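Colleague: My structure is below; once you've seen it, I'll send some questions.
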Amino acid sequence: MIGELIPYLAPTVVLLLILGSAIKILPEYQRGVVFFLGRFQGVKGPGLIIVIPGIQQIVRVDLRVVVLDVPSQDVISKDNVTVRVNAVLYFRVVDPERAIIRVEDFNSATSQLAQTTLRSVLGKHDLDEMLSERDKLNSDIQEIIDAQTEEWGIKVANVEIKHVDLNESMIRAIARQAEAERERRAKVIHAEGELQASKKLVEAANVMSANSGAMQLRYLQTLADMSSTNSSTVVFPLPLDLVKTFMEKPAGKPEGGNASE
């Protein structure tokens, strides 16, 4: 009985191997680009698909978001400062047919394009813009890369600049610049305070000049404030009108020399 089955054993094994290679199961996040005798036939999946071995070929394409780490790039900024910048790129395949047919390796192509675009865009900006306007730079880089990868069926979802590394001398220079900026703002605030105080003093002087009793009240208030402290200084208020009388020159007497001469 077993001897009668031996001639059929080899064809059965070959048939099972053919069926095994013909049956493909694609998960939900994958698609299969099918070629019939080298010509594009269609995109199939997910689920169970049948491929004729030797006649049809299938290339699997992952539709999930790919996180691509862009290596550190040496960038010379617009103000001639050398920095090292690295970033992370998020993209996914939206058209499996173009991703397989129009570019040899879309992962490598996207990575190289991201590196060159990163250097090109950041080289057009000053160092201060790199450090303070990252959101704008991320958006510009994402738009440029996405416009060029659209032909490959790739959608760039986001680009994030992770680090902008500076050398030690530049870090010290930025620290000195920040310290000088803080001192400048402190001096400006102090000057503005002096200006406001002078305006208030002018207003107070105008009020006191309109009423002579106001000055006397101010003298008395000053004496009261001084008496509350442990001070040995005694201040006597002297009316300004009396001082003005002594400062005026005698009428009819010329300056320098005797009147008889």
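Colleague: From the set of residues in segment 153-169 that are open to solvent by less than 50 Å² (accessible area, probe 1.4 Å) and of a type in the set (A, V, I, L, M, F, W, C), which is modelled with the lowest pLDDT? Show your work before the answer.
Modeller: Of the residues in segment 153-169, the ones open to solvent by less than 50 Å² (accessible area, probe 1.4 Å) are 153-154, 156, 159, 161, 164, 166.
Of the ones still in play, those that are also of a type in the set (A, V, I, L, M, F, W, C) are 154, 156, 159, 161, 164, 166.
Numbers: Ile154: 95, Val156: 95, Val159: 94, Ile161: 92, Val164: 86, Leu166: 82.
Only one residue fits best here, namely Leu166.
Colleague: Could you tell me whether segment 126-135 includes any residue that is open to solvent by less than 70 Å² (accessible area, probe 1.4 Å) and outside any helix (DSSP H, G or I)?
Modeller: yes
Colleague: Among residues belonging to segment 98-110 that are in contact (Cβ under 8 Å) with a residue 12 or more places away in the chain and surrounded by fewer than 17 Cβ atoms within 10 Å (Cβ to Cβ), point out the one that is nearest to Arg39 (Cα to Cα). Explain how you work it out, then say what you get.
Modeller: Of segment 98-110, the ones in contact (Cβ under 8 Å) with a residue 12 or more places away in the chain are 98-103, 106-107, 109-110.
If we keep only those that are surrounded by fewer than 17 Cβ atoms within 10 Å (Cβ to Cβ) too, we end up with 101-102, 107.
On the way: Ile101: 10, Arg102: 14, Asn107: 23 Å.
The extreme case among them is Ile101.
Colleague: Right, another one. Suppose we filter Val235, Val188, Val243 for residues that are out of contact with any Phe, Trp or Tyr (no Cβ under 8 Å at 6 or more places or on another chain) and at pLDDT 85 or above; which single one remains? Before the answer, list the steps.
Modeller: Working: Val235 fails: at pLDDT 85 or above; Val243 fails: at pLDDT 85 or above.
Of Val235, Val188, Val243, the one residue that is out of contact with any Phe, Trp or Tyr (no Cβ under 8 Å at 6 or more places or on another chain) and at pLDDT 85 or above is Val188.
Colleague: Let me ask you something else. Of the residues Glu151, Glu183, Glu143, which is touching a Lys or Arg at 6+ places or on another chain (Cβ under 8 Å) and part of a helix (DSSP H, G or I)? Before the answer, list the steps.
Modeller: Values: Glu183 fails: touching a Lys or Arg at 6+ places or on another chain (Cβ under 8 Å); Glu143 fails: touching a Lys or Arg at 6+ places or on another chain (Cβ under 8 Å).
Every option except Glu151 fails the conditions.
Colleague: Under 6 Å by Cβ, and 6 or more places apart or on different chains, what pairs join a residue from segment 50-70 that is closer than 11 Å to Leu37 by Cα with one that is exposed (fewer than 14 other Cβ atoms within 10 Å of the Cβ) and modelled with pLDDT of 90 or more?
Modeller: Hits for this filter: Gln56/Phe36.
Colleague: Which condition from (1) assigned to a helix (DSSP H, G or I); (2) buried (at least 16 other Cβ atoms within 10 Å of the Cβ) is the one that Arg119 breaks?
Modeller: Looking at each condition in turn, Arg119 falls short on (2).
The values are calculated or read from the model by the stated rules, or taken from the named source; none is laboratory data. Note that this is a predicted model, so its numbers are computed, not measured. Don't worry about glycine lacking a Cβ; one is built from the backbone with ideal geometry, like all the others, and counts go over all protein chains shown. Surface areas here come from the heavy atoms of the whole protein model, side chains and all, with no ligands, DNA or RNA. Shrake-Rupley method; radii C 1.70, N 1.55, O 1.52, S 1.80 Å.
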